[in-house]
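The values are calculated or read from the model by the stated rules, or taken from the named source; none is laboratory data. Quantities reported herein were computed from a predicted structural model and do not represent experimental measurements. Here the Cβ positions follow ideal geometry from the backbone for every residue, glycine too, while neighbour counts run over all protein chains shown.
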Amino acid sequence: MLIVGEKINGTRKLVAKAIAERDAAYIKDLALKQVEGGVTWLDVNAGVSPALENEALIWLIDTVQSVTDTTLCLDSANPAALVAATSHVKKTPMINSISGEAKKLAEILPLVSQNKCPVIAQALDDAGIPKDVASRMTIIRRIMEETRKAGIADNNVYIDPLVMSLATNTEAGLIALDTIKTIRVEFPEVHIMPALSNVSFGLPARTVVNQAFLTLAITSGMDCAILDPNDKGLRSAIMATEVIMGRDRYCMNFNRAFRAGRLSVAPKV
């Protein structure tokens, strides 16, 4: 499964402090730990006002790239910051994100097309986040129509079905899972990439809920996720699910991870 490491995000207090103080050592350590966790992309989100974002995002990019060549996921709603950032990356980045919002489609989609970037597309529009599967699919179909017009291949689109918190709506998990299943049938070539941990926001023992949702989402058609790659429980759930679904030939990945101590295993008593 493909993973975006979620931790370099300026909305997190310690990351915001590191960005404000230009604490490169903290950001480098955060990047390397996620790389060790097996990410495909590293999300970089400055989490600052648009007036400060260009400089902060470029500093983050330069800092991360000084210690790893892992591909970056540029996380911003600010087209100017994304344009500035794309000139500093060493590899073609992922863009996070577009949506059905008219402004994002008009201003960010051309940048995606021009740079041939993979892009995350969120199932929301100017009216907000739909509460049902049918409305989300209406938005997704409109986004796919626009990405195809822009010459973006379906397999370069990573749809975020928008996982919401169970603490505020106990149907949120089922809505997300049904959306994933519908996307997989209707658009078989796209990738499906939710921000996984949203499902447990506001609940205790969040990793337990995240693991259960992850397994169900993979069996529903999810092939990517934005998550914490250093959560051993999540990594274990991914590898165990892939073994059960016949995606790990001779269980080699699972066995290697066990021998390396990367799985969450209860101690012997």
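Does at least one position in region 103-116 carry a residue that is outside any helix (DSSP H, G or I) and touching a residue at least 40 places away in the same chain (Cβ under 8 Å)?
Taking every residue of region 103-116 in turn, at least one turns out to be outside any helix (DSSP H, G or I) and touching a residue at least 40 places away in the same chain (Cβ under 8 Å).
In contact with a helix residue (DSSP H, G or I) (Cβ under 7 Å, 6 or more places away or on another chain) and surrounded by 17 or more Cβ atoms within 10 Å (Cβ to Cβ): which single residue out of SER220, SER236 fits that description?
Within the list SER220, SER236, the selection yields SER220.
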Report task. Restrict the check to region 99-107 and report whether at least one residue is surrounded by 19 or more Cβ atoms within 10 Å (Cβ to Cβ), under 30 Å from GLU171 (Cα atoms) and of a type in the set (A, V, I, L, M, F, W, C). Result -> yes
Report task. Please give the number of the condition GLU55 fails out of (1) over 20 Å from the mean Cα position of the chain (by Cα); (2) surrounded by 23 or more Cβ atoms within 10 Å (Cβ to Cβ). Result -> (2)
Query raised in the report: Going by the structure shown, is ASN155 in contact with a His (Cβ under 8 Å, 6 or more places away or on another chain), among the polar types (S, T, N, Q) and modelled with pLDDT of 95 or more?
Result: yes
Query raised in the report: Out of curiosity, is ARG22 under 26 Å from LEU234 (Cβ atoms) and surrounded by fewer than 18 Cβ atoms within 10 Å (Cβ to Cβ)?
Result: no
Query raised in the report: Any idea which of (1) surrounded by fewer than 19 Cβ atoms within 10 Å (Cβ to Cβ); (2) in contact with a helix residue (DSSP H, G or I) (Cβ under 7 Å, 6 or more places away or on another chain); (3) in contact (Cβ under 8 Å) with a residue 24 or more places away in the chain; (4) not aromatic (Phe, Trp, Tyr) is the one VAL208 doesn't satisfy?
Result: (2)
Query raised in the report: Just to be sure, is VAL44 under 26 Å from LEU234 (Cβ atoms), within 17 Å of the chain's Cα centre (by Cα) and β-branched (Val, Ile, Thr)?
Result: yes
Query raised in the report: Would it be correct to say that ARG235 is assigned to a helix (DSSP H, G or I), of a type in the set (Lys, Arg), free of Cβ contacts under 8 Å to residues at least 24 places away in the same chain and at negative phi?
Result: no
Query raised in the report: Identify, please: which residue in region 1-41 is within 27 Å of CYS224 (Cβ to Cβ) and acidic (Asp, Glu) and is, among those, nearest to the chain's Cα centre (by Cα)?
Result: GLU6
Report task. Go through (1) surrounded by 22 or more Cβ atoms within 10 Å (Cβ to Cβ); (2) over 30 Å from SER135 (Cα atoms) one by one and return the number of the condition LYS90 breaks. Result -> (1)
Report task. Write out, first by first residue and then by second, each pair whose Cβ atoms fall under 7 Å of each other, whose residues are 6+ apart or on separate chains, and whose first residue, in region 29-50, is within 9 Å of GLY5 (Cβ to Cβ) and in a helix (DSSP H, G or I) while the second is of a type in the set (Val, Ile, Thr) and at pLDDT 95 or above. Result -> LEU30/ILE8; ALA31/ILE8; ALA31/VAL64; ALA31/VAL67; ALA31/THR68; VAL35/THR68; VAL35/THR70
Report task. Kindly indicate the residue of region 71-90 that is closer than 11 Å to ASN115 by Cβ and not polar (S, T, N, Q) and also farthest from the chain's Cα centre (by Cα) among those meeting that condition. Result -> VAL83
Query - Residue match in region 185-204 (condition: surrounded by 15 or more Cβ atoms within 10 Å (Cβ to Cβ), over 21 Å from SER97 (Cα atoms), at pLDDT 95 or above and touching a helix residue (DSSP H, G or I) at 6+ places or on another chain (Cβ under 8 Å)) - result: yes
Requested in this report: Could you identify the single residue in LYS149, LYS232 that is among the charged types (D, E, K, R) and in contact with a Ser or Thr (Cβ under 6 Å, 6 or more places away or on another chain)?
Outcome: LYS232
Query - Residue in region 131-138 that is at positive phi and either of a type in the set (Asp, Glu) or not in a helix (DSSP H, G or I) (or both) present - result: no
Report task. For region 242-257, indicate whether the set of residues that are modelled with pLDDT under 95 and touching a Leu at 6+ places or on another chain (Cβ under 7 Å) is non-empty. Result -> yes
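Considering only region 85-96, state which residues are out of contact with any helix residue (DSSP H, G or I) (no Cβ under 8 Å at 6 or more places or on another chain) and in a strand (DSSP E or B).
Residues satisfying the conditions are MET94, ASN96.
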